[in-house]
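Undergrad: Sharing a structure with you now.
The values are calculated or read from the model by the stated rules, or taken from the named source; none is laboratory data. Note that the structure is a prediction, hence the values are computed from the model and not measured. Positions of Cβ are generated from backbone atoms using ideal geometry, with glycine treated the same way; all protein chains shown enter the neighbour counts.
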Amino acid sequence: MRRLPTALAVTAAAALALAGCGTTEPAADNSSSPSARSITLTDATGAKVKLDGPAKKVVGTEWDVVEDLVSLGVHPVGVADVKGYTAWDTSAPLTNSPKDIGTRGEPSTDTVAALAPDLIVATTDLKPAVVEQLKKIAPVLEMQSADASDQIGRMKKNLGLIAEATGTTAKAEELKKGFDAKIAEGRKALADAGLAGRRVAFGDGYVVSNQVSVRPYTSGSLIGTVNEKLGLRNAWTVKGDEKYGLATTDVEGLTGLGDVQFAYIGNKADGSDPFTVGLAENPVWKGLPFVKKDNVHRLPDGIWMFGGPRAMEAYVDALVGALTK
């Protein structure tokens, strides 16, 4: 399942500030020659996490950290909701066969314990009681789940922290540079096409009791931040939550967008399409300027909207491709 609006836009607590990157000994990349020296890291909660050396058997309880692990060349031994990850985050596909440890919100501690991991990587969205149970199994490194004030900075810090824990810091720097280059490439392509400053609204939707609920990705969302880095303007005027930068509206709420480019990602897991299918006969939807002008873009499935650099690079390619075709 996707993250629900009630969990993020209504009840989410303010994001914890991510502490500075931890320290390692030695500081050099250990991916090719693991060091016997210990590693001490400070995670998003301020907790000190000590490892005997670069972690090799790692469990990921959230899809963005799993994406980071795979992108860094670390094959997780345990992943929360493997089927969901496979459907929603195709930017960094699993190349091994990790054990499914249960849902992202309630991982099975028995399953995790049976894997005997060196490290468990979680996020601050996981309930503290669950984290405490996991700490009895192995060191737990908590990532800041989101931060509407600096989503890209938070994304890069999380990647860097996981890299320090796994001895893959050189690969992390490569991924960060690749992301920055992709942004620059996309920004230039849009500018060359005369699209700099174009107003864009990205959203997703849910059908509940035959009614479509829309979730705007405001400037504080990761997607919204990436859009602005590309030189686009966010068309949403509603206020997002302090963690994920998400809001909630309905079809009538789309009438205030005006003449924009509207983009969304469908649900690969079940093939549903709440907009062009769910609203196909809705008179409000059909009367929207961007619908009349055919400026509605369903981007490829499998781009995780809350992912890491790889997912965001895929998003940039998809959005730029849709707007410049």
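Undergrad: Among all residue pairs at least 6 apart or on different chains, which show Cβ distances below 8 Å where the first residue, located in the range 172-191, is within 27 Å of LEU161 (Cβ to Cβ) and modelled with pLDDT of 95 or more and the second is basic (Lys, Arg) and surrounded by 15 or more Cβ atoms within 10 Å (Cβ to Cβ)?
TA: Close Cβ pairs (under 8 Å, with a partner that is basic (Lys, Arg) and surrounded by 15 or more Cβ atoms within 10 Å (Cβ to Cβ)) amount to LEU175/ARG310; LYS176/LYS156; PHE179/LYS156; ILE183/LYS229.
Undergrad: Given the structure, is ASN210 without any contact (Cβ under 8 Å) to a residue 40 or more places away in the chain and in the same structural domain as LYS229 (by TED's automatic domain parsing)? Explain how you work it out, then say what you get.
TA: Numbers: without any contact (Cβ under 8 Å) to a residue 40 or more places away in the chain: yes; in the same structural domain as LYS229 (by TED's automatic domain parsing): yes.
Taking the combined requirement at face value, the residue satisfies it.
Undergrad: Filter the range 108-129 down to the residues that are within 17 Å of VAL65 (Cα to Cα) and either touching a Cys at 6+ places or on another chain (Cβ under 8 Å) or not acidic (Asp, Glu) (or both) and list them by number.
TA: Correct list: VAL112, PRO117, LEU119, ILE120, VAL121, ALA122, THR123, THR124, LEU126, LYS127.
Undergrad: The conditions are (1) of a type outside the set (Val, Ile, Thr); (2) crowded, with 23+ Cβ neighbours inside 10 Å; (3) under 26 Å from ASN267 (Cα atoms), and LEU141 fails exactly one of them. Which is it?
TA: Of (1) of a type outside the set (Val, Ile, Thr); (2) crowded, with 23+ Cβ neighbours inside 10 Å; (3) under 26 Å from ASN267 (Cα atoms), only one is false for LEU141: (3).
Undergrad: Whether any residue in the range 158-169 is more than 30 Å from LEU115 (Cβ to Cβ) and either of a type in the set (Gly, Ala, Ser) or in a loop (DSSP other than H, G, I, E, B) (or both) is what I want to check.
TA: no
Yes/no matrix, rows are residues, columns are (1) over 24 Å from ALA314 (Cα atoms); (2) assigned to a helix (DSSP H, G or I); (3) more than 22 Å from the chain's Cα centre (by Cα); (4) not assigned by TED's automatic domain parsing to the domain that holds TYR217:
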{"position": "GLY231", "(1), (2), (3), (4)": "no, no, no, no"}
{"position": "VAL238", "(1), (2), (3), (4)": "yes, no, no, no"}
{"position": "ASP241", "(1), (2), (3), (4)": "yes, no, no, no"}
{"position": "PHE262", "(1), (2), (3), (4)": "no, no, no, no"}
{"position": "ASN267", "(1), (2), (3), (4)": "no, no, no, no"}
{"position": "ASP270", "(1), (2), (3), (4)": "no, no, no, no"}
{"position": "ALA280", "(1), (2), (3), (4)": "yes, no, yes, no"}
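Undergrad: Is at least one residue of the range 280-287 buried (at least 17 other Cβ atoms within 10 Å of the Cβ) and in contact (Cβ under 8 Å) with a residue 60 or more places away in the chain?
TA: Our first condition is that a residue be buried (at least 17 other Cβ atoms within 10 Å of the Cβ); within the range 280-287, this holds for 285.
Those still in the list that are in contact (Cβ under 8 Å) with a residue 60 or more places away in the chain too: none.
Checked the range 280-287: no residue is buried (at least 17 other Cβ atoms within 10 Å of the Cβ) and in contact (Cβ under 8 Å) with a residue 60 or more places away in the chain.
Undergrad: If you don't mind, another one. Return the only residue of VAL260, VAL316 being more than 30 Å from LEU159 (Cα to Cα), surrounded by 15 or more Cβ atoms within 10 Å (Cβ to Cβ) and touching a residue at least 12 places away in the same chain (Cβ under 8 Å). Spell out how you get there, then give the answer.
TA: Values: VAL316 fails: more than 30 Å from LEU159 (Cα to Cα).
That would be VAL260, the only listed residue that is more than 30 Å from LEU159 (Cα to Cα), surrounded by 15 or more Cβ atoms within 10 Å (Cβ to Cβ) and touching a residue at least 12 places away in the same chain (Cβ under 8 Å).
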